[in-house]
Structure formats: C-alpha cells, structure tokens
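What follows is a set of notes on a single structure, which appears directly below.
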Amino acid sequence: MTEGFTNIVLICSAALSSFNYGYSINVIAGTLVQVAFNQKFLSGSNANMLIDSNVSGFFGAALIGCVVQAYISNRWGRKSVNRVAAVLVAIDNTLQAGAPHIAMFLVGRYITGLGCGMIITTTPVYLSEISPAHSRGLLVGLQGNFIVFGYISSSCAALGFHFVSKTYQWRLNYINAAFVGVCLLFSLLFLPESPRWLVEVNRPDEAGEILHNIHKTRQDPNGRVARAELSQIVAQVDQDRSQPRSWAFIFRTPSMRKRLVCTLLVWSMAQSTGITVLANLTPRLFGALCYDTILQLALALVWTVLAGGWGMAILVAIQAALRSQYLDSSNLAGVRAAVAIYFLIAFYFCCTLECVGYVYGCEIWPTHLRTHAFGSIGWKYYIVFICVTVALTIPCMFMLPETAGMSLEEIAVKFGDQVALDFEQAMDAKGGSTHIETTN
C-alpha cells in the first residue's frame, strides 16, 4: 500500500469525526420542516422562541466543548477527546430521537452541541499532526469536505424520511445521527494516536512506530524520513517543555500573539460570513416560495452540495438586499433571486474558507499549545456579516504567513521562534537514524 493511499485512508477514517459534526449540526434543518415535528413541538405561539433556543443553545454548548477539549486532549490524547465526543453524540441524538416533549429534545440538542464543539476543534489538530508536510493542506482540508458530506447525507435522509407517513418520521434522522456516532466510536479503535502527543508524554518509541507505518514509501522502505521527522519532533518538544501553557503566556509572548491574531483572522473571516445562519434559514426561505415540504427539503439538499462562486461579501450583500425586500412578501421573483444567491454563497464558502481554515488554524501553533488555540434586527443582521468580511480581507492578505510544504515544527520560524532541529539536518544526522533520550 503506497504512502499516499495509506494516508488518505487514515485521514478519511479520522475525518469521520467531521462527518459526525456535519450530520449532527444539519439534522435540525430538515426537522424544522417536518410536519409531524411541527405539530408535536412547534404548534404553539412560542414556536419561534423554541427554534431560537434550539439553535443558540446548540452553539453555546459547542463553545463549552471547544474549551473543555483542550484539557482532555493534553491530558489523555487527541483520540480521547473524540471518544468522549462520540459517546455524547450517540447518546444525545438517541435522546432527541425518543424525546416525548420539547424540553428533553432541547437538552439532547444542547449536549450534542457539546460533543460537536469537541469534535470541530480536536479533529483538525489530530489530522495535521499525522499528515506529512507535503500533503498536509490536501489531507487536513478533507475535514471541510467531510463536514459538507455530513450536511448532504443529513439532507438526503430528511428528504427520504419525509415519505414515511408515520408521526415518528422526524425521529428517524436522529437515529441515523446516533448510529453515525457509534460508527465514530468504533473507528477510533483502529486509528493511531497523534505521534506528537506521544512524544510530549515521553512515549517516543510508539510515536516512531506510528510515523514509520504511515509515512514509509517504496523509495524509503526503511523509514529514513520517518526517523528524521521523529528526531525533529523530539527536539522541538524538548525545547518547548520549558514553555508555559497558560493563556497569559500566549498574550505576553510576541510570537504567540502573532499566532493568535492569525488564527482569529482566519476564523473570524470564516464565521463572519454568516454561513451557519444562512444554512439554518434555508427551510424558511424555501417555504416563502410556497414550496411544499418535499421541495423545501430537496432545495436544502442542493444548497449543501454546491461549492464555488463569487466573492462572499458581494453575495451576502446581495442576499441582504433581497431579504430586506422580499422574504416576508409575496413577490416570488425576489425570493427566487434570494434562493439563487444562497446557492452561490455555499458554492464559494466550501471551496475556500471551509477547507483552508482548519488547516491553517492548527498548523501554526506549537504542540504544547495547539489544543488551546483552537428576530428584531431582521435583514440588517446581514450587514454585520458584510462589514466584518470586507474589513478582515485586507489583514488576511498581508498578515498571514505562507506555511505550505513546511513541517509543523519548521513553521515556528515564520513567527520568530527558534526551530530546535531543521528537517534537512535531521535527515543528514547519521543517515536519518535517531537516538532518543526522554525526560521525566
């Protein structure tokens, strides 16, 4: 089995976590237009409030998950975080599937958000740490592809389950989501731990074996490159051991502050496009076209499939203008135009920020800090997305250093830090052989 194929299989297996995130976050979009769900939970005057609570609570819990994962990841490893997240996703999607009342459904949704927050921050770190430098961008970028694949699968399932004429039709998609969580938990049995984390906890022999297995090639059957990479990781981790892990250290150290600013720029740009808000509103927009439930679900599926287009700021600006005039009106031509712009926005986002953000935000941080770094307003809400996206474009162009083709350890030089061992030096040292001493 070639190195490229081995890495792709390994990354695809790991990216099942991202698929879980995409499926679990998007399952609610199809649920909100299912007749049986609306009749059971959203038939009262507080329907809009419950929808708002559902969406905001999910992402609020996800924020907590993003914070909690850092401690678990540093203490017990990258796989442990996804193991906990898989259990949460499986159990709490089961709670939602069997919910007899809205309170239980919301609790299940919130705890699922906790698991998804852990997944979305840990998975790209894990992927970046097991990928070779020359193909890291491609392989870690699969995170974005698998998230979209999860969206698509969830939308397909929602469309298919609509034809089930029983009152439990909406529950079936949550059973699917729970099953996907179980699949993730099972897949973790076959995935290796991050070699960089293993070195950090004084287990370099295991790290070396993993690097040899996933990076060896026909041209390098003895794993000379893997041994050199291990030497570089060990040297860098030993150098970083004396560095603090606190947020205070990040803020007071110039090189860490630069990393923080670059990470915030990339992800502020990505999230300020409003892509998640836009996706959650697609059923309402399609409903405004007087489409029946089947067509609403089908169009939501098309929305998730598209990937490429114009500039995001231009698209969101057009979307805001169309929504201001037509969303709550009977002008079907205007609403149709708004739908078309939705598709173009998804098209562009998935090709650019969706993939690049996960790669860049993880690879610029040193190993010991990598897991830390990671209504009434109406149509005018979109003006926020437009202004922030435009404002962040310029600093992104001039402040983000290029990292393509560099190992995670060598990227430190881009931020003014010292690289403990250059990769070429590691390759030349005794033909790539490695003698490792660990400190307890």
Residue-span extension gain [R241 to Q219] - 0.36 nm each, minus C-alpha spacing: 4.5 nm
For the stretch 141-272, treating each Cα as an identical point scatterer without solvent, what Debye log10 I(q)/I(0) comes out at q = 0.12, 0.17, 0.20 1/Å? -0.84, -1.09, -1.15
Along the stretch 79-85, what does the Karplus equation 6.51 cos²θ - 1.76 cosθ + 1.60 (θ = phi - 60°) give for ³J(HN,Hα), rounded to whole Hz, x for Gly and Pro? 5, 4, 4, 5, 5, 4, 4
Distance in nm between label sites at M104 and E209, each 7 Å beyond Cα in the beta-carbon direction? 4.6
Taking a label point 7 Å from the Cα of Y168 along Cα-to-Cβ, the residues of the stretch 92-114 whose backbone nitrogen sits under 20 Å from it are 92-106, 108-109
Net charge (Lys, Arg +1; Asp, Glu -1) of residues whose beta-carbon lies under 14 Å from that of F58, F58 excluded, is -1
Hey, quick one: spin label on Y71, modelled 7 Å out along Cα-Cβ, who in the stretch 88-125 has an amide N within reach, i.e. under 16 Å? 114-115, 118
Ordered by fewest other Cβ atoms within 10 Å, a rough proxy for footprinting exposure, I120, I210 read I210, I120
Computed FRET value (nearest 0.05) for R257 with A47, which takes r as the C-beta separation and R₀ as 51 Å: 0.65
Among S155, S255, rank each residue by its count of other Cβ atoms within 10 Å, from fewest to most, as a rough exposure measure. S255, S155
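Read-outs: derived from the displayed coordinates by stated rules, not from any lab. It should be emphasised that the depicted structure is a prediction, and the values quoted were computed from it without experimental measurement. Reconstructed Cβ throughout: ideal geometry from the backbone, glycine too, with neighbour counts over all protein chains shown.
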